[in-house]
Structures are given as structure tokens and as C-alpha cells.
1. For the range 193-215, does any single residue satisfy the condition of being out of contact with any Cys (no Cβ under 7 Å at 6 or more places or on another chain), on the phi > 0 side of the Ramachandran plot and at pLDDT 95 or above?
2. Within the set of pairs 6 or more residues apart or between chains, which connect a residue that is under 24 Å from residue 242 (Cα atoms) inside the range 118-136 to a residue that is modelled with pLDDT of 95 or more and among the acidic types (Asp, Glu) with Cβ atoms less than 9 Å apart?
3. Which of the residues belonging to the range 39-54 are within 14 Å of residue 111 (Cβ to Cβ), assigned to a helix (DSSP H, G or I) and of a type outside the set (Phe, Trp, Tyr)?
4. Counting just the residues of the range 195-216 that are buried (at least 21 other Cβ atoms within 10 Å of the Cβ) and not in a helix (DSSP H, G or I), which one comes out nearest to the chain's Cα centre (by Cα)?
5. Could you check the range 163-172 and list, in sequence order, the residues that are farther than 12 Å from residue 209 by Cβ and either at pLDDT 95 or above or not hydrophobic (A, V, I, L, M, F, W, C) (or both)?
6. Taking residue 261 and the conditions (1) among the polar types (S, T, N, Q); (2) closer than 14 Å to residue 40 by Cβ; (3) more than 19 Å from the chain's Cα centre (by Cα), which numbered condition does it fall short on, given that it satisfies the others?
7. Those residues that are crowded, with 20+ Cβ neighbours inside 10 Å, outside any loop (DSSP other than H, G, I, E, B) and among the aliphatic types (A, V, I, L, M), I need them from the range 278-308; list them, please.
8. From the list 272, 238, exactly one residue is buried (at least 21 other Cβ atoms within 10 Å of the Cβ) and in contact (Cβ under 8 Å) with a residue 60 or more places away in the chain. Which is it?
Amino acid sequence: MTAPLLHTTGFFAAPAPVYYESFAPAQPTRRPPVVMLHGGAHTGLCYQRTAAGAPGWAYRFARRGYRVIAPDWPGTGRSGHVPYEALTGGLVVEALGALLHHIGGPLVLLTHSMSGAYGWRLNELHGGLIAAIVGVAPSPPGNIQPAAPVFAETETSVETISFGRRVTLDKFKPGVATREFVEMKLVGGSRFFPREKIAEYHASLCAIPPRLLTERQNLHGSQLRVGDAANFRGKRVLVITGSEDIDHARDIDGAIVDWLNMNGAKAEFHFLSDHGITGNGHMLMMEENADETADVILDWLDAGVADI
């Protein structure tokens, strides 16, 4: 018989609307809560169920004694509308920072993909609340991400490189994931993403607000940067990446770990194939071996931040 869990929801409107869900052990523990930030085109749902419909990381972590809080970014999913001209990474961080203070520390911050840059900035601003950071194939801070090339630009559009391809981005319209993007970038060469579920997965994705998308490309140096690294000193950080993640090769995510350690963090890199898990793509939390990859993170947490 599995232990019962408590599922609750919450919402607050300032400084930007944020909806979140909470999954907690029915019997409280001393383990810190884990705030799971989704990546671009997703919502907190990605942590609740795998592509095949099995219980996701939120349930796995909660059954190990960690309360999980999974918000939707401002302007995404059930968090409601924010005008595109106002929706920047800075506003996302401001709103998520308010959520961290609402939860209270010490807590663990887990980011994925595009939210990686938000996590580094959140630690700069609110590091006193954050006991440890887990970056799942995270985006780098603007400090080390090369600026995107600009081949042509008008008042309404810019031609650049996005996720390895030459594209024209509309500055005022959201980016919508194509089937090709899903198959090549999000699924890629994964051995653990069920191909028969790709259409359903594609249908679940959200549009990416335009300024968030151009910031992710570091267009004109717009990606969020860390200005003061003091809160990284001594901070435990785990970066975890699948071997078949097309945009997160060993050297790319390894460079983030090197930057973290140069700034005083106690950062570790788990390139999964080095730890006997080969074949994962970008969506670790939604793949068929999601319990196995969750346990890599949970074992790391248990060894260093449990019962703080």
C-alpha cells in the first residue's frame, strides 16, 4: 500500500499571477520542499505525469518525503494572462521569487531547460531561502551564453539561430512548437520516450511568449545574467543531463558546472551515461524511466540536504 499524499492548489496575483500545485506526504517530514520549475512550452503538468500517463516526479519526490510545489510561469498555463510586452524573464523571476518567500526556506529549487537561467538569477536574489539547486539540462546564465547571431532585423522580426536552426522570430507573437521541433529537440534520440505518444504530447504544449523566447536565444545579450555570485558560495548544485539530449552535450552543460564552481558553488555534474543510465533525451521527467532518473536526484538530495 502506498503512503497517502496531500494535493492542494494555490494562486496569488502580485507581482504577476502564479498558479501552483502542491504534493506532500500526509505525514510531514523535516525534508525541505522542492520547487519544480518547468521549461519553455510546458507547465507544471510535466512533473505530474509521464508521456505514457504514469505518475511523474512530483509523486515520486512526495513519496520520498519531499513536499513538491509545481507552479506555472506567469503568463503560462493556469497562471493567467500577462501582456506580452510586459512578460520578461525579469518579471518571471520576480513573481517566482514571491512564491519562494510564500513557501519559506530552506527549500530546494529544481529547474528544467529554459527555466535554468531563472534559477541562477533566483539564487542570486533569494539564495538565503535556497538550500540546493538541481538543474535538469538547464539553460546557462547570460554570463556564459554566447549572444545569438542577427542575420536580419526589422521592427517586428529578427532572423537568428534558434535551437540550432536559422529561423525568423516574430518579436510580438509567441513561439509555437512544431511537430518537427518536438521530434528533434524535445524527444530527439531518446530511447525512453514512447513514440506513439508524441502527437498527444505535442498537443499539450503551450506557446512561448515572445520576449521569453528571444531572451532564451540571448538575442542582443538579453538572457538573464548573475551580477553578484555571493549566494553561490558553498551552495550545493546538481546538473543532470541525458546522453541523447541534442542541445545539451556534455561540454555545454559541463561548462555551466565549471562556471558555478569558479564562483564558489559545490556543483556536481551527472551526465547520466557516466552513471549507467544511457539513452535519455531532454524530457527526463516524462520518459519511461522517470522513476530511475528521479531517484538519481533524490539520492543526491538525501545525501546532502534531507532533514535540514
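1. Step one: list which residues in the range 193-215 are out of contact with any Cys (no Cβ under 7 Å at 6 or more places or on another chain), which gives 193-215.
Now narrow it down to the ones that are on the phi > 0 side of the Ramachandran plot: none.
No, the range 193-215 has no match at all.
2. If the second residue must be modelled with pLDDT of 95 or more and among the acidic types (Asp, Glu), the pairs left are 135/253.
3. 44, 46
4. My answer is 208.
5. 164, 165, 166, 168
6. Here residue 261 meets the rest and fails (2).
7. Just the residues of the range 278-308 that are crowded, with 20+ Cβ neighbours inside 10 Å, to begin with: 280-287, 290, 293-294, 297-298, 301.
Adding the requirement that they be outside any loop (DSSP other than H, G, I, E, B) leaves 284-286, 290, 293-294, 297-298, 301.
If the condition is that a residue be crowded, with 20+ Cβ neighbours inside 10 Å, outside any loop (DSSP other than H, G, I, E, B) and among the aliphatic types (A, V, I, L, M), then 284, 285, 286, 290, 294, 297, 298, 301 are the ones that fit.
8. On inspection, the qualifying residue turns out to be 238.
The values are calculated or read from the model by the stated rules, or taken from the named source; none is laboratory data. For clarity, every value in this text was computed on a predicted model and none was experimentally measured. Cβ sites come from the backbone with ideal geometry, for glycine too, and all protein chains shown count toward neighbours.
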